[in-house]
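Here the structure is laid out as structure tokens; the discussion comes afterwards.
The values are calculated or read from the model by the stated rules, or taken from the named source; none is laboratory data. Quick caveat, the model's predicted, so the values are computed rather than measured. Every residue, glycine as well, gets a Cβ built from its backbone with ideal geometry; the counts of neighbours run over all protein chains shown. We work out accessible area using only protein heavy atoms, side chains counted, and drop any ligands, DNA or RNA first. Shrake-Rupley method; radii C 1.70, N 1.55, O 1.52, S 1.80 Å.
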Amino acid sequence: LLLCLAGLASGAWAAEVEVSDAWIRLLPAGVPAGGYFTARNGTNQPAVLVGASSSAFGNVMMHRTADEKGQSRMLPVDRVEVPARGVLVFAPGGYHLMLMKPGPAVAVGDRVPVTLEFLDRHKITVQFEVRGPAGK
């Protein structure tokens, strides 16, 4: 019974954190791809994103683009908060997923699964649309 209740609670939570506009900018071979999305938190508690993974890529990391002394740099982040009743946007020039080592089957026009992992161990798997270098 406890496991059933835990499963129901998990499903309810996942329904409260919604992910939309998920896409990947696939770049030429050898260059990491970028992953972008919008997360909406319908709960009264912050949801803390602590990582991501995908079977379509060898490694997925979270980064943010920052301007340091006039230079744009990508800095790794280990957690990002989706505020209670708020929105977090991963977009070019800001927070993004760095997707390394794409599998040979990843191509523009595909949809690939990416699992977002939260501090409280909830996970949401989302289909990301693969786009070309121009984001189209």
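Some observations on this one:
- Subset of the range 76-107 that is open to solvent by 30 Å² or more (accessible area, probe 1.4 Å) and among the aliphatic types (A, V, I, L, M) - its residue that is nearest to W23 (Cα to Cα): A91
- Contacts under 8 angstrom Cβ, first residue in the range 113-135 being closer than 21 Å to P46 by Cβ and in contact (Cβ under 8 Å) with a residue 24 or more places away in the chain, partner part of a loop (DSSP other than H, G, I, E, B) and open to solvent by 80 Å² or more (accessible area, probe 1.4 Å), 6 or more apart: L119/R79
- Check on G93, touching a residue at least 40 places away in the same chain (Cβ under 8 Å) and of a type in the set (G, A, S): no
- Residue list for the range 51-74, filter: under 30 Å from P104 (Cβ atoms) and open to solvent by 30 Å² or more (accessible area, probe 1.4 Å): S53, S55, G58, N59, M61, R64, T65, M74
Each row is one residue, and each column tells you yes or no for (1) basic (K, R); (2) modelled with pLDDT under 95; (3) open to solvent by 20 Å² or more (accessible area, probe 1.4 Å); (4) in contact with a strand residue (DSSP E or B) (Cβ under 8 Å, 6 or more places away or on another chain).
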residue	(1), (2), (3), (4)
L8	no, yes, yes, no
A12	no, yes, yes, no
A15	no, yes, yes, no
V19	no, no, yes, yes
R25	yes, no, yes, yes
F37	no, no, no, yes
Q45	no, yes, yes, no
L49	no, no, no, yes
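- For T125: the one exception among (1) assigned to a strand (DSSP E or B); (2) open to solvent by 50 Å² or more (accessible area, probe 1.4 Å); (3) closer than 14 Å to Y36 by Cβ: (3)
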